[in-house]
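Below: one structure, written as C-alpha cells.
The values are calculated or read from the model by the stated rules, or taken from the named source; none is laboratory data. These numbers were taken from a predicted model, which means no experiment stands behind them. All Cβ positions, even for glycine, are placed from backbone atoms using ideal geometry, and neighbour counts span all protein chains on display. Heavy atoms of the whole protein, side chains included, go into the accessibility calculation; ligands, DNA and RNA do not. Shrake-Rupley method; radii C 1.70, N 1.55, O 1.52, S 1.80 Å.
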Amino acid sequence: MKLHCRMRLGSVSQHLYQIIAGFELLARHGVIELVIERQAKGACAEPIPVNMLEVTLNREIRLLYDLNDGYDNLVEEPERLYGPLLRRYDICFKRSFSAVRNARLTHGGKIRPLGLNYMVTIPGSVAHWPMPLDHPIEKMKKLIRMLPLTVHYYGWYTVEKFEDEPRPEEPPRVLFMARMWDVRGDSPDMHLPETKREERHYINEQRARTIRLCREAFGSLFHGGVAPTPFAAEHYPDLVIADRREVSRRAYLKRMKRSSICIATMGLHQSVGWKFAEYVAASKAIVTETLHYEVPGVFGENRNYLSFRTPEECVEAVARLIRDERLRMHLMQNNYNYYRRHVRPDRLVLNSLMAAVEPSRQETGVLVQ
C-alpha cells in the first residue's frame, strides 16, 4: 500500500528545494500519494517556521522537516523555538542534527537526523512558484526566474547536474571556491549579534588562509578563490575571482566535475554547507574542516572525507590525497555509494518516511570522530 503524504508549505526558501523535490519524485514514480497544501496569509493553522515544512504521514503521523543551518539561526534561545514546536509533532527530521544539543531541549528526543542538504530541484517543482507566505524579495526572484530569458536557471540545479562517478585522475586537481560573509549582515536592516559577527569573521579568515596556502603549496593543480562581492573586493581583493563567468553555476559544476579533491569549510551556525553535499553527489574525495553535526548511515573520517582544524592541516590532508591514489579512490567510491543511499532527494525522503513508520530502520553516523 502506498504511503499517503500531505505536505503543508509556508514560505519556501532554497533550503527546502531538496526535500520538496524528493517528495515529488516519489510521487511521480508512484511510491507515495502526495497532496500539497500552500498555507495562505491569515490562515488559522499554526505557522510553519522559516526553512521548515510539515508532512502528515498516513493521515496520523505528524512530521516536521527542519532544514535550518543550525539551532539558533539568530534566535538567542533555541528552547524558545524548539520547545513549543516539538510538542506539535511526532518526529522532527533535522538537517543539522546534534544528539548533545537535542538533549538540552524539551522533547528533543523527537528529533532525528535527516542528512546532507543542498539546493537541488527537478523540472516543474512546486518550489519554483511564488508562495503566499514567501518574503516579497523571494517572490520577485521566483517571478524573474520564470521569465523566458531566465527559465534555464533551475536547469543547473537539477539532480543529474550534480551526479558523477568516481574516476582516477593523475595528477588530481584540487578545488576550493567559496564566498565571504559580510560581517555586518546580509541586508542593511539586519542586526547581527556579536557572536554571529565573530563567527562570520572566523569563517572568512579560515577560507582566506586556506586558499592562500593551497595556492602556494599546489600551484597549477589548485583552483580557488572567492565570489566577486563588494565585501570580498574590499577585504580580500587578492582572492576575488575577477572573471564572473568562472563563478557561474555552469562553469562551477564543470570545474567541480574535473576536480578529484574538493575542499569544504564550516558554514554559518556551524552547519555542514551545501557545497559538502554537492561534493558527495559528485563522488569527490573531500577535505573538510571539522564537522559539527551528524547524519544517518555509515559516514565518517577516512571513509568519506579527511578533516582538518587549521589551514595548515588542510594542506597536509590534500597533499596526502594527491600522493595516495588508493585512498583518494576509496573516499570517492564511498561517497558515490553514500549519495545513492542517503543523499539523493528521493532516497533521503524515502529513508525518513521509512524511519517514521519503522523507527528501528534508521541509524545515526557521527560526523565528529
Fill in the blank from the handout: Result of the Cβ filter at 9 Å on segment 155-179, keeping first residues that are over 14 Å from ALA285 (Cα atoms) and of a type in the set (Val, Ile, Thr) and partners that are open to solvent by 10 Å² or more (accessible area, probe 1.4 Å) and not in a loop (DSSP other than H, G, I, E, B), at least 6 apart or interchain, is VAL159/LEU25; VAL159/ASP346
Problem - Neighbours by Cβ (under 9 Å, 6+ apart or cross-chain): first from segment 125-145, touching a residue at least 40 places away in the same chain (Cβ under 8 Å) and among the hydroxyl-bearing types (Ser, Thr, Tyr); second assigned to a helix (DSSP H, G or I) and open to solvent by 60 Å² or more (accessible area, probe 1.4 Å) - result: none
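Looking at this structure, is VAL35 open to solvent by less than 40 Å² (accessible area, probe 1.4 Å), modelled with pLDDT of 95 or more and of a type in the set (A, V, I, L, M, F, W, C)? Let's see the steps before the verdict.
Details: open to solvent by less than 40 Å² (accessible area, probe 1.4 Å): no; modelled with pLDDT of 95 or more: yes; of a type in the set (A, V, I, L, M, F, W, C): yes.
No, not satisfied.
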Exercise for the section: Determine if segment 191-208 includes at least one residue that is over 21 Å from GLU312 (Cβ atoms), among the hydrophobic types (A, V, I, L, M, F, W, C), in a helix (DSSP H, G or I) and more than 21 Å from the chain's Cα centre (by Cα). Expected result: no
Practice task
Just give me the residues in segment 209-234 being crowded, with 16+ Cβ neighbours inside 10 Å and either assigned to a strand (DSSP E or B) or acidic (Asp, Glu) (or both), in sequence order.
Solution key: PHE222, HIS223, GLY224, GLY225, VAL226
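Going through LEU327, LEU348, LEU321 one at a time, which residue ends up being in a helix (DSSP H, G or I) and under 15 Å from the mean Cα position of the chain (by Cα)?
On the way: LEU327 fails: under 15 Å from the mean Cα position of the chain (by Cα); LEU321 fails: under 15 Å from the mean Cα position of the chain (by Cα).
Step by step, each of LEU327, LEU348, LEU321 is checked, and only LEU348 is in a helix (DSSP H, G or I) and under 15 Å from the mean Cα position of the chain (by Cα).
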Practice task
Please work out which residue is surrounded by the fewest Cβ atoms within 10 Å (Cβ to Cβ), limiting yourself to segment 65-94 and to residues that are touching an Asp or Glu at 6+ places or on another chain (Cβ under 9 Å), free of Cβ contacts under 8 Å to residues at least 60 places away in the same chain and in a loop (DSSP other than H, G, I, E, B).
Solution key: ARG88
Practice task
Tell me, yes or no, whether segment 23-31 has at least one residue that is out of contact with any strand residue (DSSP E or B) (no Cβ under 7 Å at 6 or more places or on another chain), surrounded by fewer than 17 Cβ atoms within 10 Å (Cβ to Cβ), part of a helix (DSSP H, G or I) and basic (Lys, Arg).
Solution key: yes
Problem - Qualifying positions in segment 1-22 - open to solvent by less than 10 Å² (accessible area, probe 1.4 Å) and outside any loop (DSSP other than H, G, I, E, B) - result: CYS5, MET7, LEU9, LEU16, TYR17, GLN18, ILE19, ILE20, ALA21, GLY22
Problem - Of the criteria (1) over 24 Å from the mean Cα position of the chain (by Cα); (2) at pLDDT below 95; (3) farther than 16 Å from LEU9 by Cβ; (4) open to solvent by 50 Å² or more (accessible area, probe 1.4 Å), which one GLU46 fails - result: (3)
Exercise for the section: For GLU316, work out the one condition from (1) open to solvent by less than 20 Å² (accessible area, probe 1.4 Å); (2) more than 20 Å from HIS201 (Cβ to Cβ); (3) without any contact (Cβ under 8 Å) to a residue 60 or more places away in the chain; (4) of a type outside the set (A, V, I, L, M) it doesn't fulfil. Expected result: (1)
Problem - Qualifying residue in segment 240-258 (condition: open to solvent by less than 10 Å² (accessible area, probe 1.4 Å), touching a helix residue (DSSP H, G or I) at 6+ places or on another chain (Cβ under 6 Å) and either within 23 Å of ASP186 (Cα to Cα) or part of a loop (DSSP other than H, G, I, E, B) (or both)) - result: no
Problem - Qualifying position, being basic (Lys, Arg) and at pLDDT 95 or above, among ARG184, ARG200 - result: ARG200
Completion exercise
Those residues of segment 123-156 that are hydrophobic (A, V, I, L, M, F, W, C), modelled with pLDDT of 90 or more, within 18 Å of GLN39 (Cα to Cα) and open to solvent by less than 90 Å² (accessible area, probe 1.4 Å) come to a total of 3
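For VAL298, indicate whether it is open to solvent by 50 Å² or more (accessible area, probe 1.4 Å), in contact (Cβ under 8 Å) with a residue 60 or more places away in the chain and outside any helix (DSSP H, G or I).
So VAL298 passes the test.
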Exercise for the section: Under 6 Å between Cβ atoms, at least 6 apart or on separate chains: pull out the pairs that start in segment 236-265 with a residue that is touching a residue at least 60 places away in the same chain (Cβ under 8 Å) and farther than 21 Å from GLU165 by Cβ and end on any residue that is surrounded by 17 or more Cβ atoms within 10 Å (Cβ to Cβ) and of a type in the set (S, T, N, Q). Expected result: THR265/GLN206
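Have a look at MET140, MET131 and point out the one that is of a type in the set (A, V, I, L, M) and outside any helix (DSSP H, G or I).
Details: MET140 fails: outside any helix (DSSP H, G or I).
Checking each option against the conditions leaves just MET131.
Quick check on segment 264-285. Is at least one of its residues surrounded by fewer than 18 Cβ atoms within 10 Å (Cβ to Cβ) and within 23 Å of MET329 (Cβ to Cβ)? Don't jump to the end; show me each part of the working.
The initial filter retains those residues of segment 264-285 that are surrounded by fewer than 18 Cβ atoms within 10 Å (Cβ to Cβ), namely 268-269.
Still in the running and within 23 Å of MET329 (Cβ to Cβ): none.
No: zero hits.
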